[in-house]
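Okay, structure first, notes after.
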Amino acid sequence: MTKKIAVLPGDGIGVEIIAEALKLLDALKNDGLDVELTEAPVGGAGYDAAGKPLPDETLALVKQADAILLGAVGGPQYENLSRELRPERGLLGLRSELELFANLRPAILYPQLADASSLKTEVVAGLDIMIVRELTGGIYFGEPRGIRKKDNGEREGFNTLVYSESEVDRISRVAFDIAMKRGKKLCSVDKANVLEVSELWREVVENVGQEYKEVELSHMYVDNAAMQLVKWPKQFDVMVTKNMFGDILSDTAAMLTGSIGMLPSASLDANSKGMYEPIHGSAPDIAGKGVANPLATILSVAMMLRYSLDQPALADKIDTAVGRVLDKGLRTPDIMAQGCKEVGTVEMGEAVLAEL
Ligand code: IPM
Ligand code: MG
């Protein structure tokens, strides 16, 4: 059956990197991949096209799609818009409207890129961590929220960090299931020494853990987790955490690999419908220059094939092709090293295509 893929290039380099991913998807049709691709605007592009970051037509399209491929959103020209109209709202809207509560952010260090990390090679060599970030709850969406005036006339800003048991339960199950398929170690990150919401989080994760006796479960406070990620990251296999902690820790983990331009992500709902995107942003500083690294987006296509389209063999094929291109010494500027050949977005995309 034909699978419907909504393609949302978004803003900045999003447009350039998605173009390379589309060439790849087209090529995979020769391998029997049966997909129908439809493009739509989101983020700043959504605002330009329809006056809001998540246009109604785009929302209708993603709702009936089997999977979504997203580039990146945001740009300086949108920074003065009111909060509701900012590009990031388009992204948050997609996550909540589609209930994409499980965000998988792998941090893998390709052996070919060991020198790109700012940490010592022996600390990061062979690094392979999966961060499972809760994506539709917590302080990002909690009510009440706002900016209000106090009695004395001073303003105060406030947000609510709230998690219900069912929300913690479902994200923990995703994390335990992933741990079962990997190294069978799960570290839940919280701030249970200070926050009641973390106290409950820890209790629920413990309870779910009773059903996964094979998985070695540990708990860590978020400040310590940030430190341990930099000190000795290879102690981690799978990490599970709240929305905001996951936002922060996944950037740290990404940088351990030296190249945020290499990392894909998946955001899944309860039925494995998913949105796939590189974890980097729209990079306005290099947009339009043809130098952005398309590999994170290409690897996001691989995740899409694996998690939403049930095509693990094709996913492997992409992963292998990316490895070969790196073996050949091709590098975009963000991962450039001595003795390698510097290439642009299109050249890199086409090199992967050639390896397929
Ligand atoms: C991310 C980003 C987003 C987030 C922003 C752009 C809203 O930082 O996906 O990590 O905070 O979730
Ligand atoms: Mg982030």
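Conditions: (1) within 23 Å of residue 355 (Cβ to Cβ); (2) within 16 Å of ligand 2 (Cβ to nearest atom); (3) polar (S, T, N, Q); (4) not assigned by TED's automatic domain parsing to the domain that holds residue 208. Residue 282 meets all but one. Number of the miss?
Only one criterion in (1) within 23 Å of residue 355 (Cβ to Cβ); (2) within 16 Å of ligand 2 (Cβ to nearest atom); (3) polar (S, T, N, Q); (4) not assigned by TED's automatic domain parsing to the domain that holds residue 208 is unmet by residue 282, namely (1).
Conditions (1) within 18 Å of the chain's Cα centre (by Cα); (2) in a loop (DSSP other than H, G, I, E, B); (3) buried (at least 20 other Cβ atoms within 10 Å of the Cβ); (4) not hydrophobic (A, V, I, L, M, F, W, C), marked per residue:
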| site | (1), (2), (3), (4) |
| --- | --- |
| 18 | yes, no, yes, no |
| 37 | no, no, no, no |
| 48 | no, no, no, yes |
| 52 | no, yes, no, yes |
| 71 | yes, no, yes, yes |
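If you scan segment 69-91, which residues turn out to be in contact with a strand residue (DSSP E or B) (Cβ under 9 Å, 6 or more places away or on another chain), more than 9 Å from ligand 1 (Cβ to nearest atom) and not aliphatic (A, V, I, L, M)? It would help to see each step written out before you state the result.
Residues of segment 69-91 that are in contact with a strand residue (DSSP E or B) (Cβ under 9 Å, 6 or more places away or on another chain), as a first pass: 69-74, 87, 90-91.
Retained after the next criterion (residues that are more than 9 Å from ligand 1 (Cβ to nearest atom)): 69-71, 90.
Within segment 69-91, 71, 90 meet the criteria.
Could you tell me whether any residue of segment 278-288 is part of a helix (DSSP H, G or I), out of contact with any strand residue (DSSP E or B) (no Cβ under 6 Å at 6 or more places or on another chain) and of a type outside the set (Ser, Thr, Tyr)? Let's see the steps before the verdict.
Step one: filter segment 278-288 for residues part of a helix (DSSP H, G or I), giving none.
No, that holds for no residue.
Condition first: more than 12 Å from residue 104 (Cα to Cα) and touching a residue at least 24 places away in the same chain (Cβ under 8 Å). Now tell me which residues in segment 252-271 satisfy that. Before you say what the answer is, go through the steps one by one.
Step one: filter segment 252-271 for residues more than 12 Å from residue 104 (Cα to Cα), giving 252-262, 270-271.
Of everything in segment 252-271, those that are more than 12 Å from residue 104 (Cα to Cα) and touching a residue at least 24 places away in the same chain (Cβ under 8 Å) turn out to be 252, 253, 254, 255, 256, 257, 258, 259, 260, 261, 262, 270.
For segment 213-267, give me each residue that is part of a loop (DSSP other than H, G, I, E, B), more than 16 Å from ligand 2 (Cβ to nearest atom), of a type in the set (Val, Ile, Thr) and crowded, with 24+ Cβ neighbours inside 10 Å.
Within segment 213-267, none qualify.
Of the numbered conditions (1) closer than 24 Å to residue 176 by Cβ; (2) touching an Asp or Glu at 6+ places or on another chain (Cβ under 9 Å); (3) not assigned by TED's automatic domain parsing to the domain that holds residue 141, residue 216 satisfies every one except a single condition; which is it?
(3)
For segment 327-350: of the residues being assigned to a helix (DSSP H, G or I) and surrounded by 20 or more Cβ atoms within 10 Å (Cβ to Cβ), which is modelled with the lowest pLDDT?
The qualifying residue modelled with the lowest pLDDT is 335.
Could you run through segment 306-353 and say how many residues are polar (S, T, N, Q) and under 30 Å from residue 269 (Cβ atoms)? Before you say what the answer is, go through the steps one by one.
Taking segment 306-353 first, the residues polar (S, T, N, Q) are 308, 311, 320, 332, 338, 345.
Still in the list and also under 30 Å from residue 269 (Cβ atoms): 308, 311, 320.
So the count comes out to 3.
Six or more apart or on different chains, Cβ atoms under 8 Å: show the pairs whose first residue is in segment 153-168 and assigned to a loop (DSSP other than H, G, I, E, B) and whose second is modelled with pLDDT of 95 or more and of a type in the set (Phe, Trp, Tyr).
Close Cβ pairs (under 8 Å, with a partner that is modelled with pLDDT of 95 or more and of a type in the set (Phe, Trp, Tyr)) amount to 163/201.
The values are calculated or read from the model by the stated rules, or taken from the named source; none is laboratory data. Bear in mind that the values here come from a model prediction, so they are computed numbers and not experimental data. Positions of Cβ are backbone-derived with ideal geometry, glycine not excepted, and every protein chain shown enters the neighbour counts.
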